[in-house]
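Reviewing the structure listed below.
The values are calculated or read from the model by the stated rules, or taken from the named source; none is laboratory data. It should be emphasised that the depicted structure is a prediction, and the values quoted were computed from it without experimental measurement. Here the Cβ positions follow ideal geometry from the backbone for every residue, glycine too, while neighbour counts run over all protein chains shown.
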Amino acid sequence: MRELSLNILDIITNSVEAEATRVILVIEEWQTRNLLRVRIRDNGRGMSDDLMSRVLDPFVTTRTTRSVGMGLSLFRQIALSTDGDLVLQSALGVGTTVTVDLRLNHLNRPPLGRISDTVVNLAIGALDVHFYYIHHTESGRMIFDSFRLFGYMEETGCGLYQTIVPMKEKIQRQLKAIHSSAL
Ligand SMILES: Nc1ncnc2c1ncn2[C@@H]1O[C@H](COP(=O)(O)OP(=O)(O)O)[C@@H](O)[C@H]1O
Ligand SMILES: [Mg+2]
């Protein structure tokens, strides 16, 4: 089954393409509410009301190299298949927020997958963009701040590429510590 981390990668790639300098990914996992909420907030160029109303249609894209834009509409289809939904909020020149609700325990809910890979790879791939990844469960909260990579490199004397594996492992350990079960 497709992993949600790949859908999240798609949505954050839109943010980077929209020239966001800050992207915040919040994942909330509430067993008691049977809810997995994924929210991506950026300060990119935003979308007009017209584009927003068309963009969840699988046959709309502003890209000219490919006739079909799929990132948002595909994620919405997955959410709908778990009795959830995807909601877009955007303002031109301000930014965009994508909120996706899925039923945590629904049979159709794909696993989150290697979210640590997705987030660290994005951070390494766009060093000038400030990424935050916050994950909440009933057991606690973990926060990844991509700009801490630089501090970590200074402390350890490691190069950028030597920090990739330890960073991913740290996120995985922290997710385990808060008993994330959506992976
Ligand atoms: N975060 C965003 N900020 C600004 N525009 C966006 C954002 N996300 C999506 N868009 C616009 O919506 C379109 C559709 O996005 P998407 O469904 O991911 O398909 P694709 O990226 O393949 O075009 C994009 O081409 C872009 O014009
Ligand atoms: Mg896209």
Members of region 6-57 that are away from ligand 1 (no atom under 12 Å from the Cβ), among the acidic types (D, E) and more than 17 Å from G93 (Cα to Cα): E28, E29
Subset of region 135-183 [part of a loop (DSSP other than H, G, I, E, B) and at positive phi]: G157, H179
Count of residues meeting criterion [crowded, with 18+ Cβ neighbours inside 10 Å, more than 13 Å from the chain's Cα centre (by Cα) and of a type in the set (G, A, S)] in region 96-126: 1
Residue check, H135 surrounded by fewer than 19 Cβ atoms within 10 Å (Cβ to Cβ) and touching a residue at least 60 places away in the same chain (Cβ under 8 Å): no
Selection status of L86, within 11 Å of ligand 1 (Cβ to nearest atom), modelled with pLDDT of 95 or more and more than 21 Å from F131 (Cα to Cα): yes
